[in-house]
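Read through the structure below, which is laid out as structure tokens, and then see the notes.
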Amino acid sequence: MKSLKNLGVGFLVSLVGSLPMGYINIVALKIFDTQGLPSLISFLLGVVTIEFFLILLTLKGAQWLLDHEKLVKAAELLSIVFIVLIALSFYAEPANSSGSNISNHFLVAYPPLVLGLFLNTINFIQIPFWTGWNVYLINAELIHVKGKRKYAYVTGTSAGTFSGIMVFVLFFQQLFQKASGFSSQLAYHFFPAIMLLLAVFQAFKFYKKHYKTQG
């Protein structure tokens, strides 16, 4: 049952995290537009392969923090900071970006699978994203990562990323064509707002746990 919960939580977190506009999403959108669905699937397999191993590494780092009680408080605070930074980083992407500046020559010069592997390897923003999320989910006991259960969680995150980017591509392609202003503003503001609200909620819980009880 805990493994199934890990799978579901990982899927939902990764699904939401992959929907906001980022350069991986934009490249995926362009690949679908120029090369079709098979190439998009190949590209996404490369993306989630890198993510699978990256999340395993950050998960071990998060668990190490929890094994040192004196660092738990700092880890909780860092998780709040990470979520805020990720939310703010979304605003660094141009609201009207449509991927038109991505060279078709660049996309066809390499197999989509190789592009997915390479581009997600240099996608450094996901490191604090997953470290913060892992610490938060473990502290909140939303996931259990002892033994083989962690693989259910990481499998869920991979499926969530694949599904999220696929939804982004299939759905937002039409919005960019018919109502580019509305769709880009939705991706630009709505999802970062969710992250910021979560950070506020976590900050309140942090204060209540570590300071209000002492008063």
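The values are calculated or read from the model by the stated rules, or taken from the named source; none is laboratory data. Since the model is a prediction, treat every value here as computed from it, not as a measurement. Virtual Cβ from ideal backbone geometry, glycine too; neighbours counted across all protein chains shown.
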Fill in: Total residues in the stretch 128-147, condition outside any helix (DSSP H, G or I) and either of a type in the set (Phe, Trp, Tyr) or touching a residue at least 12 places away in the same chain (Cβ under 8 Å) (or both)
4
Response to the item:
Of (1) assigned to a helix (DSSP H, G or I); (2) crowded, with 18+ Cβ neighbours inside 10 Å; (3) modelled with pLDDT under 85; (4) among the β-branched types (Val, Ile, Thr), residue 194 fails just (2)
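Answer yes or no: is there a residue in the stretch 15-22 that is of a type in the set (Val, Ile, Thr) and within 14 Å of residue 115 (Cα to Cα). Break it down stepwise before answering.
Here is the first cut: in the stretch 15-22, the ones of a type in the set (Val, Ile, Thr) are 16.
Restricting the remaining residues to those that are within 14 Å of residue 115 (Cα to Cα) gives none.
So far as the stretch 15-22 goes, no, none of its residues is of a type in the set (Val, Ile, Thr) and within 14 Å of residue 115 (Cα to Cα).
For residue 96, state whether it is closer than 17 Å to residue 50 by Cα, in a loop (DSSP other than H, G, I, E, B) and either more than 19 Å from the chain's Cα centre (by Cα) or modelled with pLDDT under 85 (or both).
For residue 96, the condition - closer than 17 Å to residue 50 by Cα, in a loop (DSSP other than H, G, I, E, B) and either more than 19 Å from the chain's Cα centre (by Cα) or modelled with pLDDT under 85 (or both) - is not met.
Out of curiosity, is residue 154 more than 19 Å from the chain's Cα centre (by Cα) and modelled with pLDDT of 80 or more?
On the way: more than 19 Å from the chain's Cα centre (by Cα): no; modelled with pLDDT of 80 or more: yes.
Here the answer is no, as residue 154 does not meet what is asked.
Go through 127, 122, 165 for me and flag whichever is at pLDDT 85 or above and either under 28 Å from residue 109 (Cβ atoms) or surrounded by 17 or more Cβ atoms within 10 Å (Cβ to Cβ) (or both). Explain how you work it out, then say what you get.
Values: 127 fails: at pLDDT 85 or above; 122 fails: at pLDDT 85 or above.
Every option except 165 fails the conditions.
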Worksheet item: Got at least one residue in the stretch 22-36 being farther than 26 Å from residue 134 by Cα, basic (Lys, Arg) and part of a helix (DSSP H, G or I)?
Response: yes
